[in-house]
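Colleague: Here it is, the structure, as structure tokens.
FYI, it's all coordinate maths here, none of it is from the lab. Note that the structure is predicted; figures quoted are calculated from it, not measured. As a convention, Cβ positions derive from the backbone with ideal geometry for all residues, glycine included, and neighbour counts pool all protein chains shown.
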Amino acid sequence: MRLLKGQRAAVNLLVWNVALAVLISPVLCDDDDDDDDSEDIMTVCQEEDKDLRVTCPLRAKPNYHTEYEFSMSKGSKEIIINTNVSGTMPEPKFRHNTRVEQLEPYGFRLTMMRFTLTENTTFMCKVTKAEMRLFVELDSVQACSAISLFLQSYPWLLTLLLPFGIIQLMEAL
């Protein structure tokens, strides 16, 4: 079956709208620029390669050296996973298999390579005197969204894709 020019444009427009909706929506949910931190939540998810990712949306305080610390608690024992706080050392088993990235416009992401939870755990993150906690049940760890991670790592990609969607819309009209 052969599509007419107007039908082809409508199909192209539909494809671009769906593609842009899928690509943009995870970033808009994770990238709230409001000063109100009530919507910013700490997340823990498992990547396909078995890395565990902990996202801490805390903002650094202005006029302070930005210090971060990620830790976890199983029962009453708190274990430091990764930190840049002077004089504080992470647990030896985490020294060489974790990394922390600073997120834009704010926040930090801890990645624990080849790490799987074996019991209910509370994760904590501290950023320059502010702290967040998240209790994670063993059977409720979610899979990380690859597209969301990709677009958070390369936000400029959206600025390249958006004009193509607009062009498709103009051609359809």
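Colleague: Filter the range 54-94 down to residues that are over 23 Å from Cys144 (Cα atoms) and charged (D, E, K, R), then give me how many there are.
Modeller: Total meeting the criteria: 6.
Residue by residue, here is whether (1) in contact with a strand residue (DSSP E or B) (Cβ under 8 Å, 6 or more places away or on another chain); (2) surrounded by fewer than 18 Cβ atoms within 10 Å (Cβ to Cβ); (3) free of Cβ contacts under 8 Å to residues at least 24 places away in the same chain holds:
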| position | (1), (2), (3) |
| --- | --- |
| Pro105 | no, yes, no |
| Met113 | yes, yes, no |
| Thr116 | yes, yes, no |
| Asn120 | yes, yes, no |
| Met124 | yes, no, no |
| Ala130 | no, yes, no |
| Arg133 | yes, yes, no |
| Glu137 | no, yes, yes |
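Colleague: Glu137: under 19 Å from the mean Cα position of the chain (by Cα) and of a type in the set (Asp, Glu), yes or no? Break it down stepwise before answering.
Modeller: On the way: under 19 Å from the mean Cα position of the chain (by Cα): no; of a type in the set (Asp, Glu): yes.
When the stated conditions are applied, Glu137 does not pass them.
Colleague: Additional query: Identify the residue in the range 87-103 that is without any contact (Cβ under 8 Å) to a residue 12 or more places away in the chain and over 19 Å from the mean Cα position of the chain (by Cα) and, among all such residues, is surrounded by the most Cβ atoms within 10 Å (Cβ to Cβ).
Modeller: Checked the range 87-103; the qualifying residue surrounded by the most Cβ atoms within 10 Å (Cβ to Cβ) is Pro90.
Colleague: Just give me the residues in the range 62-74 being in a loop (DSSP other than H, G, I, E, B) and either within 17 Å of the chain's Cα centre (by Cα) or more than 24 Å from Thr111 (Cβ to Cβ) (or both), in sequence order. Talk me through it step by step, then tell me what you get.
Modeller: Taking the range 62-74 and keeping what is in a loop (DSSP other than H, G, I, E, B), we get 62-67.
If the condition is that a residue be in a loop (DSSP other than H, G, I, E, B) and either within 17 Å of the chain's Cα centre (by Cα) or more than 24 Å from Thr111 (Cβ to Cβ) (or both), then Pro62, Asn63, Tyr64 are the ones that fit.
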